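The values are calculated or read from the model by the stated rules, or taken from the named source; none is laboratory data. Computed from a predicted model, the values in this text were never measured in an experiment. Note that each Cβ is placed from the backbone with ideal geometry, even for glycine, and that neighbours are counted across all protein chains shown. Calculation scope for accessible area: heavy atoms of the full protein, side chains included, ligands and nucleic acids excluded. Shrake-Rupley method; radii C 1.70, N 1.55, O 1.52, S 1.80 Å.
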Amino acid sequence: MADVLKKVPVREQDAKVRATNFEEVCLGYNQEEAMEEATRCINCKNAKCVSGCPVAIDIPGFIKEVKEGKIEEAYKVIGKSSALPAICGRVCPQESQCEGKCIRGIKGEPVSIGKLERFVADYALEHDIKPEKAETTNGHKIAVIGSGPAGLTCAGDLAKMGYEVTVFEALHELGGVLVYGIPEFRLPKQKVVAKEIEKVKELGVKFETNVVIGKSTTIDQLIEEEGFEAVFIGSGAGLPMFMGIPGENANGVFSANEYLTRSNLMKAFDESYDTPIVGGKKVAVVGGGNVAMDAARTALRLGAEVHIVYRRSEAELPARVEEVHHAKEEGVIFDLLTNPKEIFVDENGNVKGMKVIRMELGEPDASGRRRPVEIPGSEYEIELDTVIMSLGTSPNPLISSTTKGLETNKWKCIVADEELGKTSKEGVYAGGDAVTGAATVILAMGAGKAGAKGIDTYLKEE
Amino acid sequence: MYKILKAEKLADKIILMDVLAPRVAKHCQPGQFVIVKMDDKGERIPLTICDYDREAGTITIVFQEVGASTVKMADLKAGDGFRDFVGPLGCTSEFVLEDLETLKKKKMLFVAGGVGAAPVYPQVKWLHQHGIAADVVLGAKTKDMVILEKELEAVAGNLYVTTDDGSYGRSGMVTTVVEDLVQKEGKHYDVCVAIGPMIMMKFVCLLTKKLELPTIVSMNPIMVDGTGMCGACRLQVGDQIKFACVDGPEFDGHLVDFDQAMKRSQMYKTEEGRAMLKLQEGDTHHGGCGNCGGDN
Ligand SMILES: Cc1cc2nc3c(=O)[nH]c(=O)nc-3n(C[C@H](O)[C@H](O)[C@H](O)COP(=O)(O)OP(=O)(O)OC[C@H]3O[C@@H](n4cnc5c(N)ncnc54)[C@H](O)[C@@H]3O)c2cc1C
Ligand SMILES: Cc1cc2nc3c(=O)[nH]c(=O)nc-3n(C[C@H](O)[C@H](O)[C@H](O)COP(=O)(O)OP(=O)(O)OC[C@H]3O[C@@H](n4cnc5c(N)ncnc54)[C@H](O)[C@@H]3O)c2cc1C
Ligand code: FES
């Protein structure tokens with residue numbers, strides 16, 4: 001009998017093998033494993049896990065169905081609250097959400113809620129179980145800007161209510177960060193993302209790629225000239241930040257966004273695609289979030305020795321625990337409590353090294369984390385040929401600067417209320433990273449749902 | 001699919017195409033650009049909008065075959081299409097937003113080098129349509145490489161054509177012509193707009209600094225998304241870092257760090273060289289590129 005204090009282990013690609021390929025790292029549970037893990041759930045009456053889930057999925061409810069082998073039923077339970085379970089099951093920070101609250105976690109390991117969600121969602125994808133479509137449309141036209149998790153969810157929910165929804169996407173592919181940011185080895189594009197999007201299409205949602213709102217047309221024009229009655233903005237937070245240190249414009253310094261976009265969206269890791277990427281021999285990735293881990297593990301797979309350079313300590317790494325763990329297994333080296341000061345450039349403009357300084361943790365700052373401070377005189381130099389800056393992103397001003405009466409805050413985030421996504425402009429709703437700044441898939445999805453509810457309420461009041 | 005309605009060879013390795021893209025044609029202004037992608041596996045290639053027809057919904061692009069993608073693109077015919085065609089991107093030329101009366105008092109000089117004639121044309125045409133005649137210096141390596149001469153002639157004030165080898169028009173580089181116009185031929189200009197290869201823009205700017213002639217350039221760094229998302233296109237302009245795709249592509253030429261920009265545009269030279277090799281050798285490609293593992 002397995003140890004009930006521990007999760008049923010999930011099968012993964014061997015670390016040495018996967019460090020050289022772009023196939024998915026985690027292989028997920030099969031039905032037998034899932035049903036066994038499900039028995040670990042004690043079906044708490046006042047389930048804490050549900051309160052830890054930003055969209056309040058009935059977790060004990062779906063796990064109960066899994067326990068009984070009724071996977072399709074389990075999918076329906078999840079489907080009431082989540083539009084993208086195959087994605088969330090793979091990328092949610094479960095350790096600080098549902099699993100972080102699980103009673104089992106007090107004495108042993110929490111129930112593997114994320115892996116169970118993923119199993120149920122993958123089962124639904126494989127068995128082509130479809131969400132229910134509205135019988136007739138109500139004739140009201142809604143525009144959704146951006147096809148990331150916020151936009152997809154909002155569009156899907158509105159279509160289910162009978163609205164005629166068109167999603168406008170600036171890039172040539174749908175999915176937002178799910179296709180340009182998060183790598184294949186963590187979130188397969190064809191097997192998972194494309195299929196989830198296909199489901200939204202089957203609900204009757206129309207998609208128009210290659211339309212940059214604010215340039216190709218504006219929100220005001222969508223409303224005044226194209227007959228859209230309401231608009232949802234889910235344009236994300238895609239603007240990369242740089243450090244402002246000397247040498248940052250050298251060849252070989254990239255934003256994580258550029259590096260990941262080349263590899264994921266443009267598929268530069270695959271020789272048969274035209275877009276190039278510089279693999280690098282020795283790479284430093286500056287930052288400690290999910291984005292940094294993804295960039296590091298991508299560079300590793302392209303053949304480089306990779307260092308994460310992060311100014312705080314391991315405990316403060318904002319990335320999902322699983323990603324840090326996987327990165328270490330694969331051989332990414334962590335230079336913690338270290339911060340870049342200058343990038344050295346050779347005569348051809350290429351990166352040749354970096355000066356860094358050691359840090360120590362001081363008093364807690366506004367975020368509650370201990371503030372890193374430089375240790376005087378502890379500078380040293382490292383030789384490398386590539387630096388990837390992963391310092392966070394902020395919302396793109398393309399939309400806010402071209403839309404009359406749309407209020408933003410000092411971080412350029414669109415101001416919208418949490419419950420219904422209402423902005424300062426009538427008929428315009430917003431949610432996801434565009435409102436909160438870079439956050440998570442599940443929060444963006446929740447905001448998409450809120451926006452759909454907001455738009456429905458607004459048009460019913462009209 | 002964005003259908004190609006016309007594909008015409010203007011000169012050796014220089015192609016003009018009219019592409020059906022109604023959303024772009026409806027909203028574009030001089031100075032802006034598009035990004036095209038040929039097929040599933042293609043790169044995103046930025047190209048300036050050379051002309052537009054709002055009624056017909058078409059955009060004219062002119063491009064030079066310089067690397068793997070543009071060479072492949074040159075094979076497309078009327079009736080074919082681009083998988084993706086997005087725009088208009090970037091900011092419009094500053095004068096479009098200027099007060100027309102003030103603008104009419106300014107004497108403008110455009111300097112177009114090589115394919116730079118393509119982005120210059122819509123600007124001069126716009127001015128012409130607003131009753132302003134701008135002078136244009138049109139430079140090319142040799143007679144056969146002079147493009148859009150007739151079109152420019154129809155909308156420019158004075159058109160000065162020059163070739164590096166003297167085979168047509170005046171003789172010498174565009175900088176020589178600018179210097180002659182201002183210093184020997186008594187012309188006065190308030191603004192210069194120089195568009196062409198980076199090296200040309202650099203030298204025009206060195207000259208116009210000396211002549212105290214404010215100069216705008218249109219930068220063409222390597223880009224990926226073209227919407228401000230990646231920073232590949234970043235440039236040093238004065239003491240600031242600018243993203244050419246959203247802050248530009250036009251900048252004050254006297255502030256641009258051209259040496260850095262030219263180095264940055266060489267970043268993928270070896271990778272692109274391999275891509276070119278792969279394209280030229282096609283199915284017969286058996287190693288040598290250092291990338292594919294050769295015959296094993
Ligand atoms: C590399 C990386 C790894 C991550 N890992 C995780 C993870 O493991 N777990 C997790 O929960 N979260 C993760 N995140 C964060 C998560 O992906 C985001 O919080 C989430 O995608 C935000 O969703 P969104 O719909 O608000 O925006 P996005 O996903 O950013 O989508 C916005 C879309 O709008 C489009 N757009 C923007 N402007 C315009 C315009 N003007 N006109 C038309 N379209 C426009 C964009 O092209 C984009 O497709 C990660 C992010 C990155 C970058
Ligand atoms: C805003 C903008 C507008 C542009 N407008 C036009 C246009 O109207 N017409 C046009 O022909 N091109 C234009 N370009 C340049 C065009 O995008 C590039 O020539 C093209 O991307 C090259 O792709 P490739 O794969 O064929 O060549 P690559 O294989 O990428 O490059 C081959 C070689 O050409 C060099 N090269 C790369 N880019 C340029 C460049 N911009 N100028 C000179 N040499 C370069 C490289 O260093 C390399 O050695 C523009 C670029 C930008 C950013
Ligand atoms: S091309 Fe990516 S930011 Fe300009």
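Identify, from the list B:L16, B:L10, the residue that is touching a residue at least 40 places away in the same chain (Cβ under 8 Å) and either aromatic (F, W, Y) or open to solvent by less than 40 Å² (accessible area, probe 1.4 Å) (or both).
On the way: B:L10 fails: either aromatic (F, W, Y) or open to solvent by less than 40 Å² (accessible area, probe 1.4 Å) (or both).
After applying the criteria, what remains is B:L16.
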Within segment B:215-242, count every residue that is within 11 Å of ligand 2 (Cβ to nearest atom) and touching a Cys at 6+ places or on another chain (Cβ under 6 Å). 5
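Against the definition (within 13 Å of chain B (Cβ to nearest Cβ) and open to solvent by less than 20 Å² (accessible area, probe 1.4 Å)), how does A:G175 come out, yes or no? Let's see the steps before the verdict.
Numbers: within 13 Å of chain B (Cβ to nearest Cβ): no; open to solvent by less than 20 Å² (accessible area, probe 1.4 Å): yes.
No.
If I ask for residues that are more than 11 Å from chain A (Cβ to nearest Cβ) and either assigned to a loop (DSSP other than H, G, I, E, B) or closer than 17 Å to A:D274 by Cβ (or both), which ones from segment B:74-85 would you list? Reasoning before the result, please.
Within segment B:74-85, the first condition is being more than 11 Å from chain A (Cβ to nearest Cβ), and the residues that meet it are B:74-81.
Selection gives B:A74, B:D75, B:L76, B:K77, B:A78, B:G79, B:D80.
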Based on this model, can you work out whether A:P183 counts as assigned to a loop (DSSP other than H, G, I, E, B), open to solvent by 30 Å² or more (accessible area, probe 1.4 Å) and in contact (Cβ under 8 Å) with a residue 60 or more places away in the chain? no
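Going by the conditions given, is A:I245 more than 16 Å from ligand 3 (Cβ to nearest atom) and under 25 Å from B:T227 (Cα atoms)?
Here the answer is yes, as A:I245 does meet what is asked.
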Does A:V50 satisfy the condition of being in contact with an Asp or Glu (Cβ under 9 Å, 6 or more places away or on another chain), modelled with pLDDT of 90 or more, surrounded by fewer than 21 Cβ atoms within 10 Å (Cβ to Cβ) and under 26 Å from A:K328 (Cα atoms)? no
Answer yes if at least one residue in segment B:195-205 is of a type outside the set (A, V, I, L, M), open to solvent by 20 Å² or more (accessible area, probe 1.4 Å) and within 11 Å of ligand 2 (Cβ to nearest atom), and no otherwise. yes
When you check B:M223 against the structure, is it within 14 Å of chain A (Cβ to nearest Cβ) and either within 16 Å of ligand 1 (Cβ to nearest atom) or β-branched (V, I, T) (or both), yes or no? yes
The one condition A:Y273 fails out of (1) of a type outside the set (K, R); (2) away from ligand 3 (no atom under 16 Å from the Cβ); (3) closer than 29 Å to A:H140 by Cβ is (3)
In segment B:34-62, which residues are closer than 21 Å to B:A232 by Cα, in a strand (DSSP E or B) and more than 16 Å from ligand 1 (Cβ to nearest atom)? B:V36, B:I45, B:P46, B:L47, B:T48
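Test of understanding: among A:K191, A:K201, which residue is without any contact (Cβ under 8 Å) to a residue 40 or more places away in the chain and more than 14 Å from chain B (Cβ to nearest Cβ)?
Values: A:K191 fails: without any contact (Cβ under 8 Å) to a residue 40 or more places away in the chain.
Selected residue: A:K201, the only one of A:K191, A:K201 that is without any contact (Cβ under 8 Å) to a residue 40 or more places away in the chain and more than 14 Å from chain B (Cβ to nearest Cβ).
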Looking at segment B:94-105, is at least one residue in contact with a strand residue (DSSP E or B) (Cβ under 6 Å, 6 or more places away or on another chain) and away from every other protein chain (no Cβ under 14 Å)? no
Single unsatisfied condition, B:L76 versus (1) within 16 Å of ligand 3 (Cβ to nearest atom); (2) over 14 Å from B:I195 (Cβ atoms): (1)
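Going through segment A:208-263 one residue at a time, which ones are of a type in the set (S, T, N, Q) and facing another protein chain (nearest Cβ under 9 Å)?
Start the filter on segment A:208-263 by keeping residues that are of a type in the set (S, T, N, Q), which leaves A:209-210, A:216-218, A:221, A:235, A:249, A:251, A:255, A:257, A:261, A:263.
Of everything in segment A:208-263, those that are of a type in the set (S, T, N, Q) and facing another protein chain (nearest Cβ under 9 Å) turn out to be A:T209, A:N210, A:S216, A:T217, A:T218, A:Q221, A:N249, A:N251, A:S255, A:N257, A:T261.
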